[in-house]
Amino acid sequence: MKQSQKQLTQWCALSLVLTLLALTQLTQEAIAQNLPPRSIRLLADKNTSTQAPTVSAREIFRAAYLNRYTWDEKFPGYTAGVKIKQGNEEHNGSIRVKPDLSVEVTGINSEQARQAVEGQLRMVAIHRRRIPFEVAHKNHTYELGKTDNTGVVEIFEKGESTDAHYKVSKKQITQVNRTLGDTSVTVNLLDSLVTPKGYLATRYRTIFRQPQTKEVLGEQESEDTYQQIGDYYLLKRQVIRDFQKGQQTSTLIEFNNIQLLPKSTSNTP
């Protein structure tokens with residue numbers, strides 16, 4: 001196997017871990033119900049004392065969760081051409097994201113490259129799925145951690161199967177820490193796009209560690225560019241820089257001829 005193919009395979013493996021990490025944040029019940037969003041007030045419980053109301057960890061995290069950009073129930077799906085390039089290798093194909101947010105990638109003759117594109121699109125679709133907070137996080141409890149001098153707040157989440165640690169700033173989740181199997185993952189938000197319907201992460205760094213020793217297994221930094229097509233923001237370009245054992249590789253994924261599916265045919269399998 002060529003060196004670039006080996007690097008692409010390693011990158012696919014790290015991308016799969018990150019995709020699974022995103023999947024664990026959505027309960028099976030939430031995905032099955034695909035419920036519409038609820039109208040949620042940030043401070044629902046009024047404090048009747050003379051003291052100023054205290055915002056709880058749950059309320060801070062919920063406000064940031066609701067501030068994420070997601071697609072609404074009318075999302076029709078879309079098609080696009082795709083190019084993936086790493087080193088001297090370049091592959092072209094087509095993608096289709098359906099209204100149910102399932103993903104199809106065709107025309108790419110390298111299975112590793114096809115899986116890489118599919119994994120990235122699945123991860124994007126997972127984060128665009130609109131799930132009410134009470135469904136996605138109904139079995140979780142929250143505790144406040146430290147607040148630094150810039151106003152960044154630590155939030156500790158406790159759940160049935162796993163714990164998580166977040167940082168929240170200005171109604172954006174700026175850091176996610178979770179453990180998935182034998183890998184600990186930290187995702188740091190470095191930049192974002194603020195839209196009228198919520199924020200989108202446009203640059204973020206992911207660090208993979210061995211949970212016990214804290215040894216860094218790999219790092220990735222991603223830069224995402226979005227384009228507004230009709231009423232929706234869709235991924236136009238993604239650059240992923242992979243850092244492993246002192247070496248850096250870059251993967252470019254570009255989408256072209258992005259078109260929303262017509263409403264009359266968007267539900268066609």
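Is it the case that some residue within the range 118-128 is surrounded by fewer than 18 Cβ atoms within 10 Å (Cβ to Cβ) and at pLDDT 95 or above? The answer is no, given that none of the residues of the range 118-128 is surrounded by fewer than 18 Cβ atoms within 10 Å (Cβ to Cβ) and at pLDDT 95 or above. Pairs meeting the criteria (first residue in the range 111-128 and of a type in the set (Lys, Arg), second residue in a helix (DSSP H, G or I) and surrounded by fewer than 21 Cβ atoms within 10 Å (Cβ to Cβ), beta carbons under 6 Å, at least 6 apart or on different chains) are Arg122/Thr19. Of all residues in the range 228-246, exactly one satisfies the criterion of being of a type in the set (Asp, Glu) and not in a strand (DSSP E or B), namely Asp231.
Residues that are polar (S, T, N, Q) and outside any loop (DSSP other than H, G, I, E, B) within the range 105-144 comprise Thr106, Gln112, Gln115, Gln120, Thr141, listed in sequence order.
For every residue, the table says whether it meets (1) more than 20 Å from the chain's Cα centre (by Cα); (2) within 30 Å of Thr251 (Cα to Cα).
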| residue | (1), (2) |
| --- | --- |
| Val117 | no, yes |
| Ile131 | no, no |
| His137 | no, no |
| Tyr142 | yes, no |
| Asp148 | yes, no |
| Glu157 | no, no |
| Glu160 | yes, no |
| Lys167 | no, yes |
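Suppose we filter Ile258, Ile253 for residues that are surrounded by 14 or more Cβ atoms within 10 Å (Cβ to Cβ), aliphatic (A, V, I, L, M), more than 17 Å from the chain's Cα centre (by Cα) and closer than 21 Å to Glu90 by Cβ; which single one remains?
Working: Ile253 fails: more than 17 Å from the chain's Cα centre (by Cα).
Exactly one residue qualifies, and that residue is Ile258.
From the list Thr225, Thr249, pick out the single residue that is β-branched (Val, Ile, Thr), part of a strand (DSSP E or B) and modelled with pLDDT under 95. Walk me through how you get there before you give the answer.
Values: Thr225 fails: modelled with pLDDT under 95.
Testing whether each residue is β-branched (Val, Ile, Thr), part of a strand (DSSP E or B) and modelled with pLDDT under 95 leaves just Thr249.
Would you please name the residue that is surrounded by the most Cβ atoms within 10 Å (Cβ to Cβ), looking only at residues in the range 202-250 that are closer than 19 Å to Leu101 by Cβ and charged (D, E, K, R)? Break it down into steps so the answer makes sense when it comes.
Filtering the range 202-250 down to residues closer than 19 Å to Leu101 by Cβ leaves 224, 226-236, 238.
Right, trim to charged (D, E, K, R) and you get 224, 231, 236.
Working: Asp224: 21, Asp231: 12, Lys236: 17.
By that ranking, first place goes to Asp224.
The values are calculated or read from the model by the stated rules, or taken from the named source; none is laboratory data. Please read these numbers as outputs of a predicted model, since none were measured by experiment. Here Cβ is always computed from backbone atoms with ideal geometry, including for glycine, and neighbour counts include all displayed protein chains.
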